[in-house]
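Readers should treat all values here as calculations from the given coordinates under stated rules, not as data from a laboratory. Since we're looking at a predicted model, the values are computed, not measured. Backbone-built Cβ (ideal geometry, glycine too); neighbour counts: all protein chains shown.
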Amino acid sequence: MKAGALSLYEQHREAIEAAFWPTVTSGASKITAFEAEAIAGGFLLDYLPDRFSTGAPRFDKAAGVWRVPVILAYPRIGSVGEVGELNVNDSTREVVSHEPFEEMTTRALAIYEQRCEEIEAAFLQTRDR
């Protein structure tokens, strides 16, 4: 690519992000849903095990935050349930609040126990291949 030329992603960024993160509101926020989700994901990596991930962010214009669901997810299955929420400040680009980690892990354990057969079966299928 030539120096100074925009990549295909950069040329079509708004359309791509609107397709994957439809909660982006034009002009209403300083960061995109994609950026809010990336910030939240990085935060989760620092504080919770790898099965915790992010769901689709929702912009709360009145509060000036992106509300990002925290989900429990497994390979081959995907999301098995929501366990909490964290908030990313639209101006500072920082996580400003979240549910206590202990509460989220307790909810995650309860969801795992409800769906353990399905989760374990998915891992067995992977191992047998």
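Tell me which residues come under 5 Å, amide H to amide H, from residue 90 once H is placed; ignore anything under 5 positions away on its chain.
Those qualifying (amide H under 5 Å, at least 5 residues apart or on another chain) are 65, 66.
Hey, got a sec? Which GluC sites (Glu not before Pro) in the range 22-88 land in a DSSP loop and have at most 16 other Cβ atoms within 10 Å?
none
For q values of 0.22 Å⁻¹, compute log₁₀ I(q)/I(0) with the Debye formula on a Cα-only model of the range 86-129, without solvent.
With one equal scatterer per Cα and no solvent, log10 I(q)/I(0) is -0.75.
In percent, what relative contact order does the range 31-128 have, based on Cα pairs under 8 Å that are 6 or more apart in sequence?
Values: 147 pairs, mean separation 21.3, N = 98.
Once normalised by length, the contact order is 22 percent.
For the range 31-128, just run the numbers: alpha carbon Rg, then divide by 2.2 N^0.38 Å, N being how many residues it has. Show your work: numbers first, answer last.
Working: Rg = 14.6 Å, N = 98, 2.2 N^0.38 = 12.6 Å.
Cα Rg divided by the expected 2.2 N^0.38 Å: 1.16.
For labels at residue 109 and residue 50 in the simple 7 Å Cα→Cβ model, what's the distance in nm?
2.2 nm
Using θ = phi - 60° and the Karplus curve 6.51 cos²θ - 1.76 cosθ + 1.60, what whole-Hz ³J(HN,Hα) does each residue of the range 104-119 get, with Gly and Pro shown as x?
Those phi angles translate into 5, 5, 5, 5, 4, 4, 5, 5, 4, 4, 5, 10, 4, 4, 5, 5 Hz.
Ordered by packing density, taken as the mean number of other Cβ atoms within 10 Å over each peptide's residues, highest first, how do 103-114, 51-62 rank?
51-62, 103-114
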